[in-house]
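Here the structure is laid out as structure tokens; the discussion comes afterwards.
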Amino acid sequence: MPLIKKQKIPLLVDKMLKKFDVIGPVPKDEKYVFSKVSRGEEVFLGYDTSILPPKKIFFPQEETLITFKKDEQLEFKPALEDGTPSKTDGDRKFVIFGVHACDIHAILTLDKQFMEVYPDPYYISKRARSLIIGVSCREPKETCFCGIMGTYTVEKGFDLFLEQIDEDEFYVIVGSDEGRKLLSAYPDFFEASTEETLEKLRKVLKEKDEKFADSVSITGLPTLLEQEFDSVNGEIWEELGEKCLGCGTCCLVCPTCFCFNVVDKVELSGKEGLTKRVWDSCLLADFAVIAGGFNFRPTQTSRIRYRIYHKLKYELERGGILGCVGCGRCNIACPAGIKMQDVIKKIKGE
Ligand code: SF4
Ligand code: SF4
């Protein structure tokens, strides 16, 4: 496996920019956002957590699905034609440079949903044009709980992964043929690893287990939740329901939430408009309202209980895929101070 020196990374990004669009973590108001960069130096690999996850690139907050026009006849035009990206979407490949392991796990969850369970051409077209270069975290942020979810390392879902082994060097793990092609396309930036580097990698991975792993794990959670629905520790749900404000922010920042609503927007002339999808949240009061006005999750307790079950039980049962990757964004964003890891610990009786 090869190595890359830290000071060569911005130069590598500069080189990649000649062929790809590059999106990476950049500082914004003392926080970080994934944004398109025009120079390698803009990518800041020492970030902790981005405000929104890279999900927004494949599944944007608002996305036009269809445009329509009425002259003689009503005409509909899909935003994607023949499953290929439209001109406005662009067809250049892009690299997401510097994705943390937890967010790569989250992309795998979205892939399952949008590429297998309900194949979604809008998602698939962007995913097909993407390359993912991961980067390791060196310290868990206090809001993160990837140690509980087992997501501080990742073995697939990336083309290359840069594991930092000391202040100046990254060990490069190849995760796909596309990743291998990147190494061959930019040979001047990489060098061969040595026995000494391997030793450093072993040491770093061992230290990581010590820093990140938690005494609590998700093992057995689905079984415990089977028992908890409205008995045993059923008061958990009442407590959460009383605290939760139903603002939906936790879903908006979550890298694995994939619910959306579809809305029409018609111009005042009534002659043209569009259909778009927008992110939705199961914690909003009207999320489960159906025809006739019936709400099958009428209380905040039933709504937050559903979210926790979806994250910690249903997704795991559906295909061994994580509904929560422990990124901690909901912990940071929740105005009511609800913390997912506290809920997990309570369910586990810790
Ligand atoms: S539920 Fe919270 S901690 Fe889990 S993946 Fe979503 S935002 Fe991250
Ligand atoms: S962010 Fe907090 S208060 Fe808002 S819906 Fe989510 S859990 Fe409830």
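Relative contact order for the chain: 21 percent, from Cα pairs under 8 Å spaced at least 6 residues apart, divided by residue count.
When the square roots of the Cα gyration tensor eigenvalues are ordered a ≥ b ≥ c, the ratio a/c for the range 202-333 is 1.5 or more and a/b does not exceed b/c, which makes its shape oblate.
Qualifying trypsin sites (Lys or Arg not before Pro) in the range 153-204, where qualification requires a DSSP coil assignment and no more than 13 other C-beta atoms within 10 Å, comprise LYS156. Protection proxy ranking of 97-109, 213-225, 67-79, by the mean of other Cβ atoms within 10 Å over each peptide's residues and highest first, is 97-109, 213-225, 67-79. Counting other Cβ atoms within 10 Å as a rough exposure proxy, the listed residues TYR309, TYR122 run TYR309, TYR122 from fewest neighbours to most. Rounded, prolate or oblate for the chain? Axes are the square roots of the Cα gyration tensor eigenvalues, ordered a ≥ b ≥ c, and the cut-off for rounded is a/c under 1.5. Oblate, since a/c reaches 1.5 and b/c is not below a/b. Listed from fewest to most Cβ neighbours within 10 Å, the set ILE57, ILE96 follows the order ILE57, ILE96. Highest average first, the peptides 248-261, 182-195, 32-45 ordered by how many other beta carbon atoms sit within 10 Å of their residues are 248-261, 32-45, 182-195.
Taken as Cα centroids, the range 37-62 and the range 121-171 sit 12 Å apart, rounded to the nearest whole angstrom. Here the 3J(HN,Hα) profile of the range 22-30, calculated from phi with Karplus coefficients 6.51, -1.76 and 1.60 at θ = phi - 60°, is 10, 10, x, x, 10, x, 8, 6, 6 Hz, Gly and Pro shown as x. The value of relative contact order for the range 238-329, using C-alpha pairs under 8 Å at least six residues apart, is 28 percent. The charge dipole of the chain, taken about its Cα centre with unit charges on the Cβ atoms of Lys, Arg (+1), Asp and Glu (-1) only, comes to about 440 debye.
Per-residue packing, averaged as other Cβ atoms within 10 Å, sorts the ranges 324-333, 111-120 into the order 324-333, 111-120, beginning with the highest.
As a length-normalised measure over Cα pairs under 8 Å and 6 or more apart, the relative contact order of the range 128-195 settles at 29 percent.
Every read-out reported here was derived from the displayed coordinates using simple, explicitly stated rules and does not represent laboratory data. Everything quoted here is computed from the prediction, not taken from an experiment. All Cβ positions, glycine included, derive from the backbone under ideal geometry; neighbour counts span all protein chains shown.
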